[in-house]
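Participant: The structure is given below, and queries will be raised subsequently.
The values are calculated or read from the model by the stated rules, or taken from the named source; none is laboratory data. These numbers were taken from a predicted model, which means no experiment stands behind them. Note that we place each Cβ from the backbone using ideal geometry, even for glycine, and neighbour counts take in every protein chain shown.
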Amino acid sequence: MSPFSLTRTLPPDATAAALRADVQQGLARQPKELPPRWFYDARGSELFEEITRLAVYYPTGAEREILQARATGIADVTRARTLVELGSGSSEKTRLLIDALTARGGPLHYVPVDVSESALTGAGKALLADHPGLTVDALVADFSTAPALPATPGPHLIAFLGGTLGNLVPGERAGFLRMVRSLLGDEDALLLGTDLVKDPATLVAAYDDAQGVTAAFNRNVLAVLNRELDADFAPDDFDHVAVWDAEREWIEMRLRARSAVTAKIPALDMTVDFAAGEELRTEVSAKFREAGVREELAAAGLALRYWWTDPCGRFALSLASP
Ligand code: AVJ
């Protein structure tokens, strides 16, 4: 049996239907918004990887520092035989966990779950090349509903890294954490990465780099609409905007129309008008504090067992269990 399998849990037309519904509703709304999951086609996933290599985008490096310091401890505490990773992307930092878990001996199952099939295939093959005894069962799925996980040996460790929890607004987070709780047995655990509240200048710089990589990532969602829905957006008609909402403690990314724009979306029989300066919200990236994370976990039936930050206190990893 090959140690690599890839399962599409959603039929391709389900993804297409979800995109249509999100665009239809989100662009008819006032203010306009789109969920961030549509950034991640092959090009968008590539641009995100490029973002993670920017010095101003500190979350990736900060989370890696924590994993470097704590991976062995995480392996010892959880004794996981299956690592499930939600929103796995390139799985680059996950290597540290896989190294630590396989160093304990015995086979390990890795179940990466992501919307990007290209990212899953690339990451899975690269990991297998370096880890004998590893089995990779990749799932193409978004994590808005419970993924149907393969039957693999426990204990299970579900990792949700990178701060992606912050892409959900509070009500969505509560539902998501309850969904994760429903996937966990008594011996299982959740490893959660959260970016932390800090000075606004640092936060805004991380979402508005001088090289314009984040701007290209943001505009890429319009290219996705053009390709998938036959729309006629000119991405350069829009400015990239990143703002810190101090009340809700989240970063918002928006696309702001430079002048009045009319776009056709023939696949939806839709015309979308933007006034000059009108904004489309493309992402919320919430930032957290320890007390809030503890409360949100508790509300989902999970107890925060360990809270680790990088030495500068920019980012946190939480280990939680039922
Ligand atoms: C992958 C969701 C964690 O919110 O920081 C990076 C995505 N957006 N730059 C984040 C992102 C703009 C990223 N997450």
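Participant: Determine whether the stretch 62-69 contains at least one residue that is at pLDDT below 95, away from the ligand (no atom under 15 Å from the Cβ) and surrounded by fewer than 23 Cβ atoms within 10 Å (Cβ to Cβ).
Facilitator: Here is the first cut: in the stretch 62-69, the residues at pLDDT below 95 are none.
Looking through the stretch 62-69, none of the residues is at pLDDT below 95, away from the ligand (no atom under 15 Å from the Cβ) and surrounded by fewer than 23 Cβ atoms within 10 Å (Cβ to Cβ).
Participant: It is to be established whether one or more residues within the stretch 47-61 are buried (at least 23 other Cβ atoms within 10 Å of the Cβ) and in contact with a helix residue (DSSP H, G or I) (Cβ under 6 Å, 6 or more places away or on another chain).
Facilitator: Narrowing the stretch 47-61 to residues buried (at least 23 other Cβ atoms within 10 Å of the Cβ): 59.
Among the residues that remain, those that are also in contact with a helix residue (DSSP H, G or I) (Cβ under 6 Å, 6 or more places away or on another chain) are: none.
No, because not a single residue in the stretch 47-61 is buried (at least 23 other Cβ atoms within 10 Å of the Cβ) and in contact with a helix residue (DSSP H, G or I) (Cβ under 6 Å, 6 or more places away or on another chain).
Participant: Give just the number: which of (1) more than 16 Å from the ligand (Cβ to nearest atom); (2) under 17 Å from Leu149 (Cβ atoms); (3) touching a helix residue (DSSP H, G or I) at 6+ places or on another chain (Cβ under 6 Å) does Val111 not satisfy?
Facilitator: The one condition Val111 does not meet is (3).
Participant: State all residues of the stretch 214-270 that are of a type in the set (Asp, Glu) and closer than 15 Å to Pro36 by Cβ; if no residue qualifies, say none.
Facilitator: Glu252
Participant: Quick one: how many residues across the stretch 171-187 are assigned to a helix (DSSP H, G or I) and either modelled with pLDDT under 95 or closer than 16 Å to Ala148 by Cβ (or both)?
Facilitator: The total comes to 4.
Participant: Just the residues that are out of contact with any Leu (no Cβ under 7 Å at 6 or more places or on another chain), part of a loop (DSSP other than H, G, I, E, B) and over 30 Å from Asp13 (Cβ atoms), please, taken from the stretch 240-288.
Facilitator: If the condition is that a residue be out of contact with any Leu (no Cβ under 7 Å at 6 or more places or on another chain), part of a loop (DSSP other than H, G, I, E, B) and over 30 Å from Asp13 (Cβ atoms), then Ala246, Glu247, Arg248, Glu249, Arg258, Ser259, Ala260, Ala275, Ala276, Gly277, Glu278 are the ones that fit.
Participant: If you don't mind, another one. Which members of the stretch 190-207 meet the condition of being part of a helix (DSSP H, G or I) and either buried (at least 22 other Cβ atoms within 10 Å of the Cβ) or not polar (S, T, N, Q) (or both)?
Facilitator: Answer for the stretch 190-207, where residues must be part of a helix (DSSP H, G or I) and either buried (at least 22 other Cβ atoms within 10 Å of the Cβ) or not polar (S, T, N, Q) (or both): Pro200, Ala201, Leu203, Val204, Ala205, Ala206.
Participant: Which condition breaks for Leu165 when tested against (1) outside any loop (DSSP other than H, G, I, E, B); (2) away from the ligand (no atom under 16 Å from the Cβ); (3) not basic (Lys, Arg)?
Facilitator: Here Leu165 meets the rest and fails (2).
Participant: Residues Ala210, Ala223: which one is part of a helix (DSSP H, G or I), closer than 21 Å to Glu46 by Cβ and away from the ligand (no atom under 12 Å from the Cβ)? Working first, answer last.
Facilitator: Details: Ala210 fails: part of a helix (DSSP H, G or I).
Every option except Ala223 fails the conditions.
Participant: Turning to a different aspect of this structure: Checking the structure you have, find out if any residue of the stretch 74-85 is more than 16 Å from the ligand (Cβ to nearest atom), polar (S, T, N, Q) and touching a residue at least 12 places away in the same chain (Cβ under 8 Å).
Facilitator: Among the residues of the stretch 74-85, at least one is more than 16 Å from the ligand (Cβ to nearest atom), polar (S, T, N, Q) and touching a residue at least 12 places away in the same chain (Cβ under 8 Å), which makes the answer yes.
Participant: Starting from the stretch 274-289, keep only residues that are touching a residue at least 40 places away in the same chain (Cβ under 8 Å), then list their pairs with residues that are surrounded by fewer than 17 Cβ atoms within 10 Å (Cβ to Cβ) and among the basic types (Lys, Arg) whose Cβ atoms are within a distance under 6 Å, requiring at least 6 positions of separation or different chains.
Facilitator: The qualifying pairs are Glu279/Arg256.
Participant: Can you tell me which residue is farthest from Glu279 (Cα to Cα) among those in the stretch 231-255 that are away from the ligand (no atom under 16 Å from the Cβ) and of a type in the set (D, E, K, R)?
Facilitator: Step by step, filter the stretch 231-255, then rank; the result is Glu247.
Participant: Right, something else. Among the residues of the stretch 168-192 satisfying the criterion of being in contact with a Lys or Arg (Cβ under 9 Å, 6 or more places away or on another chain) and within 27 Å of Val77 (Cα to Cα), which is nearest to the ligand (Cβ to nearest atom)?
Facilitator: Leu190
Participant: Mind counting the residues in the stretch 128-156 that are aliphatic (A, V, I, L, M), under 27 Å from Thr15 (Cα atoms) and not in a loop (DSSP other than H, G, I, E, B)?
Facilitator: The qualifying residues number 4.
Participant: Among the numbered conditions (1) closer than 22 Å to Arg314 by Cβ; (2) in contact (Cβ under 8 Å) with a residue 60 or more places away in the chain; (3) touching a Ser or Thr at 6+ places or on another chain (Cβ under 7 Å), tell me where Glu49 comes up short.
Facilitator: Every condition holds for Glu49 apart from (2).
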